[in-house]
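What follows is a single structure, written as structure tokens, with notes after it.
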Amino acid sequence: MRYGYFDEENREYVIDRVDLPVSWTNYIGTKDMCGVFNHTAGGYLFYKFPEYHRITRFRPNSVPMDGPGHYVYLRDDDTEDYWSVSWQPVGKPLDKASYSCRHGFSYSKYICDYNGIHAQQKLFVAPDDPVEIWDVTIKNTDIKPRNISVYSYVEFSFHHIDMDNRNFQMSLYAAGSKYENGIIEHDLYYEENGYQFFASNFKPDGYDCLRDSFIGDYHTEKNPIVVEKGICTNSQDTTLNHCGCLQNRLALAPGEEVRLIYLLGEGNVSNGKKMREKYANFEAVDNQFNKLSKFWDDKCEKLQIQTPDEGLNTLTNQWTLYQSEINVMFSRFSSFVEVGGRTGLGYRDTAQDAMCIPHSNPQKCKQRIVELLQALTTTGYGLHLFEPIWFDKNREDQSFKSPTVVPVPDKESFVHDIKDACADDALWLIGAIVNYIKETGEFRFIDETITYADGGEGSVYEHMIRILDFSIREAGANGICKGLRADWNDCLNLGGGESAMVSFLLYWALKQFVELAGYLARTNDAKKYEENAENIKNVCEDVLWDGKWYIRGITADGRKIGTHTDTEGKIHLESNTWAILSGAASEERGKIAMESVKEHLMTKYGLMLNAPPYTKPDDSIGFVTRVYPGVKENGAVFSHPNPWAWAAACNLGLGTEAMKFYDALCPYHQNDNIDVRQSEPYSYCQFIYGTAHSYHGRARHPFMTGTAGWAYFASTQYILGIQPDFDGLIIDPCIPKDWKEFSIVRKWRGGYYHITVKNPDGVEKGIRKMLIDGNPVDKLPILAEGNECRVEVVMGVAG
Ligand code: GLC
């Protein structure tokens, strides 16, 4: 069953059946103001922090589904019938009203046709200001004149989400609202600058600032009393709950269309006035929207592909890049699953996100890398979860103590102990830094001085050495890296036990560091860490091979995890993909391990994380044994490691296999299978229920997952084989045998590469020849700014 389709030309996903089984979400805002909205305009807005600076309220995981939102109600003043421009909250029967939603890049559009009125509401954040714009059009498609009243509605939130949800004796009495010159002001009384405004480009015929006056006793957003009666109460006051309702009465001649602009922004009424002056005209609104489109055009044009796989094309050219960008911009704590109760950056998540898209967002990736370096301890581990603001030297202290501002803990309390360190966290950063330099050529970055979380400072290069030394040092009884609080798998809690995955990850990080040090002629370091890498590889091969696959680890009391003798958790995806991906596994063992992965973990929706799932709690392995079988880390198709398997397959030259894995997970291919999948087909989800669960195939947690970055990275760098290097662009695809040809346009270091790859002999890997503007080369050279070149690659046996 399908609920919509991809509109590639407009870069939108169109939901033409809005009665979805779960919310399909989208993100608006590209800088400080951000909103998460579903297909019926349910959702919330915040400024900088979803936890500390909420603007609108959301009642998540509730009934009716995911509300309230940023709504526009319409009322026929002759018949007293009313509805909403998005299907919810009024929810007119779908056989009487036609509804659709278009989720685009940083905007969503809600479209409705009902009883001779066509209406549309577009939500986006102005790129230049912290202002959410609602661009609304209402057209009379009837043959007779119509009298229509329009009502906006948002419910304001107390800034601090925790207080908003729990501490009503605070939140209910510390906020107020007023109406002045057509503008509503929401005021968090004791907070300096604790204001929002709601304005429009018309002179309102009525307003309501008090939520309960708008909704009415024993009514809900589905049937607000003000809309039902058609009269605003013009409420405003200090204390209690506040909302933004502006009413506009329209008399529409047949065929007449009216466009209304609403603005929800940061700042008080006078700022609202300024913003209204700036954005009350359509040209200014159009300019902002065009600027937003251009922002995304610039990112997308960095890499465009045309291959025989439609899912790969649409997702790489558009949606997976978009999802990866959302993760770099907003991290993990603003969605309908994480509704703002946490904030900040996760060390490993952010490092991986930043590694994957330095081509489309070099500034933000660098900013993230610097934030992570500042959150590194001198011991060499990262702070697992932290607020970048803790380390911001330019941070201004708040002149007063209030519970609604970001609390800054004492230095001593935010630097956690090694017992809370995750063994993998900082290792990812090595990959992020090396990839950033390969993309941008900014070698001087490694000499920049950056502070440590627990005091002192050092160059980026020194930070890298501390990271590697920490992992080399923190080895367990068998010489394998300790698992500590957790490794990539949050639910594998090995403490002093050992993690195969971390050892392979360390090998991968060391190899990258050695490459960088070698390139920069820091020969002693290159030699020293190459020796470490060799040593780790040998220990891994000695200790971790189980005959047909690599084990997952060793508990603190010396029991191996993930061996052929286990009846639960017999084989794990992370250790086997990383053995191959890191280059530590021999080709022979790698191929055997990959066969085992396929045999034990493959499903029609992708690879499961482990099998068979655990059913008996075992705290020496960790929390994973206490998760329901087939769910999340315990035997679900956990999406994030799936791209590791694509990359691993490519390292073994198995291009057909890599694309089989790709296609199984690819949400695009699930577009017509929503009765099973339920979630959106334009976004990777954190997990898909595994075979051990009756919901097998259902996907959960869209957008906020490291899958996006890794899917993008693995498919472009390993399958399509476009790999930036320090001094040139490497082309080394690994594709299905039956692909005859594909093409790529890549913008790299200012030059444009138009690349065509032909595969006349039906191979999976290997280059017979590569010509740049007709001349043979091994690697594509760096072009001068703005220059273009044509590259012809013929796959086959070299020579
Ligand atoms: C979640 C976490 C991520 C972790 C993964 C596996 O996605 O955000 O950090 O690696 O789960 O446990």
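The values are calculated or read from the model by the stated rules, or taken from the named source; none is laboratory data. Nothing here was measured: the structure is a model prediction, and the numbers come from that model. For neighbour counting, all protein chains shown are included, and Cβ atoms are generated from backbone atoms with ideal geometry for every residue, glycine included. Remember, those area values only see protein heavy atoms, side chains included, never the ligands or the DNA or RNA. Shrake-Rupley method; radii C 1.70, N 1.55, O 1.52, S 1.80 Å.
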Quiz item: Among the residues of region 152-166, which ones are of a type outside the set (Ser, Thr, Tyr) and in contact (Cβ under 8 Å) with a residue 24 or more places away in the chain?
Solution: VAL154, GLU155, PHE156, PHE158, HIS159, HIS160, ILE161, ASP162, MET163, ASP164
Quiz item: Is region 643-651 home to any residue that is within 14 Å of the ligand (Cβ to nearest atom) and open to solvent by less than 10 Å² (accessible area, probe 1.4 Å)?
Solution: yes
Quiz prompt | Residues of region 332-374 satisfying the condition of being under 20 Å from CYS300 (Cα atoms) and without any contact (Cβ under 8 Å) to a residue 60 or more places away in the chain | solution = GLN363, LYS364
Practice problem: Provide a single number: the residues in region 484-501 that are within 13 Å of the ligand (Cβ to nearest atom), over 23 Å from the mean Cα position of the chain (by Cα) and either open to solvent by less than 10 Å² (accessible area, probe 1.4 Å) or without any contact (Cβ under 8 Å) to a residue 12 or more places away in the chain (or both). | Solution: 3
Quiz item: Looking only at region 316-345, which residues are assigned to a helix (DSSP H, G or I), in contact with a Lys or Arg (Cβ under 6 Å, 6 or more places away or on another chain) and closer than 19 Å to GLU387 by Cβ?
Solution: VAL328
Quiz item: In region 346-370, how many are more than 16 Å from the ligand (Cβ to nearest atom), open to solvent by 10 Å² or more (accessible area, probe 1.4 Å) and not in a loop (DSSP other than H, G, I, E, B)?
Solution: 6
Quiz item: Could you list, in sequence order, the residues of region 754-779 that are closer than 18 Å to ILE719 by Cα, in contact with a Leu (Cβ under 7 Å, 6 or more places away or on another chain) and surrounded by 18 or more Cβ atoms within 10 Å (Cβ to Cβ)?
Solution: GLU764
Exercise. Look through region 152-178, keep the residues that are buried (at least 20 other Cβ atoms within 10 Å of the Cβ) and assigned to a strand (DSSP E or B), and return whichever of them is farthest from the chain's Cα centre (by Cα).
Key: SER177
Quiz item: Exactly one of (1) crowded, with 21+ Cβ neighbours inside 10 Å; (2) in contact (Cβ under 8 Å) with a residue 60 or more places away in the chain; (3) not small (Gly, Ala, Ser) is unmet by VAL627. Its number?
Solution: (1)
Quiz item: Regarding GLU387, is this residue surrounded by fewer than 24 Cβ atoms within 10 Å (Cβ to Cβ) and either under 13 Å from the mean Cα position of the chain (by Cα) or polar (S, T, N, Q) (or both)?
Solution: no
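Conditions (1) within 17 Å of GLU12 (Cα to Cα); (2) of a type in the set (A, V, I, L, M, F, W, C); (3) at pLDDT below 95, marked per residue:
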residue	(1), (2), (3)
MET275	no, yes, no
LYS278	no, no, no
TRP296	yes, yes, no
GLU301	yes, no, no
GLN304	yes, no, no
TYR322	yes, no, no
Practice problem: Output the qualifying pairs, or none if there are none: Cβ atoms under 7 angstrom, residues six or more apart or on different chains, first residue in region 276-302 and of a type in the set (Ser, Thr, Tyr), second residue surrounded by 15 or more Cβ atoms within 10 Å (Cβ to Cβ). | Solution: TYR279/ALA126; TYR279/VAL131; TYR279/ILE133; TYR279/ILE261; TYR279/LEU263; TYR279/VAL285
Exercise. Answer with yes or no whether VAL337 is surrounded by fewer than 22 Cβ atoms within 10 Å (Cβ to Cβ), at negative phi and within 14 Å of the ligand (Cβ to nearest atom).
Key: yes
Exercise. Might you let me know whether region 680-694 holds any residue that is within 16 Å of the ligand (Cβ to nearest atom), within 29 Å of VAL434 (Cα to Cα) and either open to solvent by 20 Å² or more (accessible area, probe 1.4 Å) or assigned to a helix (DSSP H, G or I) (or both)?
Key: yes
Quiz item: With respect to ASP187, is the statement that it is open to solvent by 10 Å² or more (accessible area, probe 1.4 Å), within 18 Å of THR56 (Cβ to Cβ) and modelled with pLDDT of 95 or more true?
Solution: yes
Quiz item: From the residues in region 585-614 that are among the hydrophobic types (A, V, I, L, M, F, W, C) and not in a loop (DSSP other than H, G, I, E, B), which one is farthest from ALA648 (Cα to Cα)?
Solution: ALA611
Quiz prompt | All positions within region 406-421 that are among the hydrophobic types (A, V, I, L, M, F, W, C) and either modelled with pLDDT under 95 or open to solvent by 10 Å² or more (accessible area, probe 1.4 Å) (or both) | solution = VAL406, VAL408, PHE414, VAL415, ILE418
